[in-house]
Structures are given as C-alpha cells and as structure tokens.
Amino acid sequence: MSESNQTTPTFDLFGLDERILDALADLGFEQPTPIQAAALPALLEGRDMIGRARTGSGKTAAFGLPLLQRVREGGNKPRALVLSPTRELAKQIGEALADYGGGLRSVRGVTIYGGAPYPPQIKALKRGASVVVGTPGRVIDLLDGGSLDLSELEMFVLDEADEMLSMGFYEDVSKILSLIPEGGQYLLFSATVSDEVKRLVSRFLKDPVDLYLSTDMDQVEGIT
C-alpha cells in the first residue's frame, strides 16, 4: 500500500453512527472526498460553514452525513431542512440522504417541491418528518399553509446558494431563515460567493468555517 493511501482518512474515523457507516459500506464508499474529509470534523462539532465547491465534489455527503448523525434518533417535527434551487436537485438530495440513512429507522425524510400535487406532500409531513428537503417556493407555501413547522429545526442547509439567489429567491430564503429557532446550525454551499451570498452569510451564519475546494486540483485550499 502506498504512503498516500495509508494517510487517507476513512469514514470510521469521524465517530459516525455505525448504522451510517454500514450504509456507506453497502454503497461502496470507503474514503471521503477532500471536501468531506475537511468538512466532517467541523460540522460534527456543530460549526456553521460556507463551503465553496463544484458539483460532483461530494458535497451532498459532506453535509448529509453530519445532518443524519445529528437527527439519528428521529422526531416527528423537522429537525433538519435542506433547501435546493430545483426540484431535480431536491429529489437527488432526498434520495442520497435516504441511502446514507437507510439504517436509521427512526429518521423519516420528506422531499417537497413545486410542480407536484400538494396533498401527498402535506400528508407525508403530517405523518412526521425528521428531515425535509425542498425548493423555496413550495417550502414557503407549506409554511404559510401551516403544514410545515420549523419550530424544532436544528440544522439548515442551503445548497447551490449562488444559483438559488440568482433565480431571485433571496427574500424567500431570508424569510425561511428568520423562522428557524436561535441556536441552529447553518450550512451554505455555493460554487461562487456573490454579494447576495455574502449578505446571507453576514446575517445568519455565526463564525462560519470557510472551505474552498479548488476546481482544478480537487483539494481543499483554505480552511478558516
């Protein structure tokens, strides 16, 4: 075995629940990507984070594994919310979280997005959901209608933040963030950091860890 392989961390070094580790093994995931290896320790400590990384870097697991670790005992009201700019990405994230948390029987996830009927999504939320993945418009609609309750939310993830804000969702995202109880953990992942992204960071994140993944070297270049 080469020296580089000997020094590469494995998922069992982060203190993740054995059920999560078993799911990762079943999926064939043995070693974290650079952003996962850099993000997991800070996120498992409860730190806020802004992660700058391209699509395909493994960022869904970077935030998804700490999210599942945090809510592993379940709950009927949402304890974690992941906001995505498109329904396609929301579905992908929801499916990934279901795969990573397949052994966490008490954790129920619901994916909510526009372009689909309301009743099945409302029914799923009423049955109880520990984790919600959604698009801004549908999340706002279900909040306004009283079907979505964020009063027990502990963790918020904004994925593809630059794309979402460029689509005009700044006010919706700000409204959602304003409804989260104080003391929650905030994560923001974005390929670039626009002025609007900086505004959100300054308003809502507390002393965030700043990760930057090089787009050409696939290595984390800055952690502050």
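The values are calculated or read from the model by the stated rules, or taken from the named source; none is laboratory data. Quick caveat, the model's predicted, so the values are computed rather than measured. Please note: Cβ atoms are built from the backbone with ideal geometry, for glycine as well, and neighbour counts cover all protein chains shown. Remember, those area values only see protein heavy atoms, side chains included, never the ligands or the DNA or RNA. Shrake-Rupley method; radii C 1.70, N 1.55, O 1.52, S 1.80 Å.
Please determine, by comparing only the residues of region 126-143 that are closer than 16 Å to GLU171 by Cβ and aliphatic (A, V, I, L, M), which one is least open to solvent (accessible area, probe 1.4 Å).
VAL139
Could we say that ARG19 is part of a helix (DSSP H, G or I) and either open to solvent by 80 Å² or more (accessible area, probe 1.4 Å) or among the acidic types (Asp, Glu) (or both) here?
So ARG19 fits the description; yes.
Would it be correct to say that ILE93 is in contact with a strand residue (DSSP E or B) (Cβ under 9 Å, 6 or more places away or on another chain), open to solvent by less than 20 Å² (accessible area, probe 1.4 Å) and at pLDDT below 95?
no
Within region 37-51, count every residue that is of a type in the set (A, V, I, L, M, F, W, C), over 12 Å from PHE11 (Cα atoms) and surrounded by fewer than 22 Cβ atoms within 10 Å (Cβ to Cβ).
2
Tell me whether region 109-130 contains one or more residues that are closer than 16 Å to ALA90 by Cα, out of contact with any His (no Cβ under 6 Å at 6 or more places or on another chain) and either touching a residue at least 60 places away in the same chain (Cβ under 8 Å) or basic (Lys, Arg) (or both).
no
Within region 1-16, can you find the residues that are of a type in the set (Gly, Ala, Ser) and either surrounded by 13 or more Cβ atoms within 10 Å (Cβ to Cβ) or modelled with pLDDT under 95 (or both)?
SER2, SER4
Pairs under 8 Å by beta carbon, first residue within 18 Å of VAL133 (Cα to Cα) in region 178-192, partner open to solvent by 20 Å² or more (accessible area, probe 1.4 Å) and of a type in the set (A, V, I, L, M, F, W, C), six or more apart or different chains?
That search, which allows pairs on different chains as well, returns LEU179/LEU143; TYR186/PHE204; TYR186/LEU205; LEU188/VAL201; LEU188/LEU205.
Within region 52-89, restricting attention to residues that are more than 16 Å from VAL133 (Cα to Cα) and either among the small types (Gly, Ala, Ser) or within 9 Å of the chain's Cα centre (by Cα) (or both), which residue is surrounded by the most Cβ atoms within 10 Å (Cβ to Cβ)?
Going through the qualifying residues, I end up with ALA53.
Considering only residues that are assigned to a helix (DSSP H, G or I), out of contact with any strand residue (DSSP E or B) (no Cβ under 8 Å at 6 or more places or on another chain) and either without any contact (Cβ under 8 Å) to a residue 60 or more places away in the chain or under 10 Å from LYS59 (Cα atoms) (or both), which ones fall in region 26-36?
Hit for region 26-36 is GLN36, nothing else.
Would you be able to say whether some residue in region 28-36 is open to solvent by 50 Å² or more (accessible area, probe 1.4 Å), at pLDDT 95 or above and of a type in the set (D, E, K, R)?
The answer is no; no qualifying residue exists.
Answer with yes or no whether GLY102 is in a loop (DSSP other than H, G, I, E, B) and under 29 Å from GLU171 (Cβ atoms).
It is false that GLY102 is in a loop (DSSP other than H, G, I, E, B) and under 29 Å from GLU171 (Cβ atoms).
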